[in-house]
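Asker: Got a structure for you, questions after.
Computed from the coordinates by the stated procedures, all read-outs in this text should not be read as laboratory data. All of these numbers come straight from a predicted model, not from anything done at the bench. Please note: Cβ atoms are built from the backbone with ideal geometry, for glycine as well, and neighbour counts cover all protein chains shown.
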Amino acid sequence: MRILVTGGAGFIGSALVRHLVGEIGAEVLNVDTLTYAGNLASLKSVESAPNYQFLRADICDRARMQEAFASFRPDIVMHLAAESHVDRSILGAADFIQTNIVGTFSLLDTARHYWDELDARRKSAFRFLHVSTDEVYGSLGDEGLFEETTPYDPSSPYSASKAASDHLAIAWHRTYGLPVVVSNCSNNYGPFHFPEKLIPLMILNALEGKPLPVYGNGANVRDWLYVEDHARALFTIASRGRPGEKYNVGGRNERRNIDVVHRICAILDGVYSDRGPHARLITNVTDRPGHDARYAIDASKLESELGWKAQETFETGIEKTVHWYLENEWWWRPLRENVYSGERLGVFKGR
């Protein structure tokens, strides 16, 4: 099985590549342009594997994508390349429009022309998995779950760009017959997570005795999904999902942001009992513009139709995650010192 993965040096992408190369034994071509969030150090465990290749290229570059398809000859494309941080999209939406919309179009059209020329057997087996987010659905109230049929209602430039790319992917299936499958996932966490996101930011700030900034009152709710569970789900969907279908991926682990932060503090208190309670560092800051109140995924379709189920609870996953950061300073220290030191993002001047 030959699998082309875009964005494979990112957080979710690297977990997927490690799973495909190390557990599945697939031949993998990782295509990544290596923006600030792309990190080849996350692939150290597989970089020398004979079934792994890396190509530094931008998915918006049609010529490079055509060359990659022609030379690698994939059976499956798993498209994860995207700008993904909501806060960054608020003040700099252009990159999100270019990569998430234009880039997805470029890849879909390249895949379509490649697929058109395959023989009947390979054409029937080919799949294009477009990986997206639950944020395209907007915000939930206190009750209910996002289902595959939930209407789209994006709130940020990031989620709007992902919603547009979802529509393109489905349109390429309906118009051209390209065997596309779409997945929409809840918030991921786990090892190798770039430290601008909530969980790694809280862990690293706490370790350094810095404030733990919580937006508003911290009541926003997210459904947390351990990244390695997500990687398993993505391969399941790509290899067994039905063309033209969407599958929601969630961990069934709803938590308020403030409760997530308190749990991280409690774990660190158990490790560093001499430092005093880490919760003293929690600082409420001005909320993010357009901050959705609650996300929660109904993963019943994926569970019942394809047999996937999350293996980690939030409690087991967050323990593993905190201890991973404690044990792997070699990975995160260069990022904190040279790329992102924990400053607030996505705030308008004067707010």
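Asker: Once you have the Cα-Cα distance between Ala125 and His291, take 0.36 nm times their residue separation minus that, and quote the gain in nm to one decimal.
Answerer: Numbers: separation 166, 0.36 × 166 = 59.76 nm, distance 4.06 nm.
Taking Ala125 through His291 to full extension adds about 55.7 nm, to one decimal.
Asker: Would region 1-134 count as rounded, prolate or oblate if I go by the C-alpha gyration tensor, calling it rounded below 1.5 in a/c and otherwise prolate when a/b exceeds b/c, oblate otherwise? The partial results should precede the final answer.
Answerer: Details: a/c = 1.91, a/b = 1.20, b/c = 1.59.
Here region 1-134 falls in the oblate category.
Asker: Something else now. With the Cα gyration tensor of region 158-256 in hand, convert its eigenvalues to equivalent ellipsoid semi-axes via √(5λ) and list them largest first in whole Å. Numbers along the way, then the final one.
Answerer: Values: eigenvalues 213, 45, 28 Å².
Taking √(5λ) for each eigenvalue gives 33, 15, 12 Å, largest first.
Asker: For a quick check, take a GNM of the chain with Cα springs below 10 Å and name the residue from Leu140, Leu302, Leu16 with the largest mean-square fluctuation.
Answerer: Highest fluctuation of the listed residues: Leu140.
Asker: Taking the Cβ-Cβ separation of His323 and Tyr176 as r and a Förster radius of 41 Å, what is the calculated FRET efficiency to the nearest 0.05? Numbers along the way, then the final one.
Answerer: On the way: r = 47 Å, r/R0 = 1.14.
Between His323 and Tyr176 the formula returns 0.30.
Asker: How large is Rg/Rh for region 111-160, to two decimals, with Cα atoms and a Kirkwood Rh? All intermediate terms of the calculation are to be shown ahead of the outcome.
Answerer: On the way: Rg = 17.0 Å, Rh = 13.8 Å.
Here Rg/Rh amounts to 1.23.
Asker: Name the residues whose placed amide hydrogens come within less than 5 Å of the amide hydrogen of Val214, ignoring near sequence neighbours (fewer than 5 apart) on the same chain.
Answerer: Thr283, Asn284, Val285
Asker: Report the relative contact order of the chain, percent, no decimals, based on alpha-carbon pairs under 8 angstrom and at least 6 residues apart.
Answerer: On the way: 674 pairs, mean separation 64.1, N = 351.
Relative CO of the chain lands at 18 percent.
Asker: Taking the Cα atoms of the chain, what is the range of coordinates along each of the three principal axes, in descending order and whole Å?
Answerer: 65, 44, 42
Asker: Here's another thing I want to ask about it. Can you list residues whose amide H is under 5 Å from Val28's amide H, if they're 5+ apart or on another chain and H is modeled 1.01 Å from N?
Answerer: The answer is Ile3, Tyr52, Gln53.
Asker: Please give the FRET efficiency for Trp331 paired with Arg56, using the beta carbon to beta carbon distance and R0 = 22 Å, rounded to the nearest 0.05.
Answerer: 0.65
Asker: Before anything else, pin down the relative contact order of region 205-351: Cα pairs under 8 Å, at least 6 apart, normalised by residue count, whole percent. Spell out each step's value before the answer.
Answerer: Numbers: 164 pairs, mean separation 50.6, N = 147.
Relative contact order of region 205-351: 34 percent.
Asker: Also: Does region 254-351 come out rounded, prolate or oblate, given a ≥ b ≥ c as the square roots of the eigenvalues of its C-alpha gyration tensor, rounded meaning a/c under 1.5 and, failing that, prolate meaning a/b above b/c?
Answerer: Details: a/c = 1.69, a/b = 1.22, b/c = 1.38.
Oblate, because a/c is 1.5 or more while a/b does not exceed b/c.
Asker: May I pose another question? Please state the shape class of region 77-180: rounded when a/c is under 1.5, otherwise prolate if a/b exceeds b/c and oblate if not, all from the C-alpha gyration tensor. List each step's numbers first, then the result.
Answerer: Working: a/c = 2.98, a/b = 1.62, b/c = 1.84.
Judged from the Cα gyration tensor, region 77-180 comes out oblate (a/c at least 1.5, b/c at or above a/b).
Asker: For Asn187, list long-range residues whose amide hydrogen, built 1.01 Å from N in the peptide plane, is under 5 Å from its own amide hydrogen.
Answerer: Counting only residues 5 or more places away or on other chains, the set is Asp223, Leu225.
Asker: Using a Gaussian network model of the chain whose springs link C-alpha atoms within less than 10 Å, name the residue from Asp142, Asp298, Asp119 with the highest mean-square fluctuation.
Answerer: Result: Asp119 has the largest fluctuation of those listed.
Asker: Applying a 10 Å radius around every beta-carbon, put 224-232, 120-128 in order of their mean neighbour count, most first.
Answerer: Working: 224-232: 23.9, 120-128: 14.4.
Final packing ranking: 224-232, 120-128.
Asker: Using the alpha carbons of region 191-302, what is the convex hull volume per residue in cubic angstrom, as a whole number? It would help to have the intermediate numbers written out before the result.
Answerer: Values: hull volume 13.6 nm³, N = 112.
Given the Cα convex hull of region 191-302, per-residue volume reads 122 Å³.
Asker: Add -39500 (n - 2.57) for each DSSP H run of 4 or more in the chain, then divide by its residues: what number comes out at 222 nm, to the nearest 500 deg cm²/dmol? Before the final figure, lay out each step's value.
Answerer: Details: 12 runs with 135 residues, N = 351.
Calculated from helices alone, the mean residue ellipticity at 222 nm is -11500 deg cm²/dmol.
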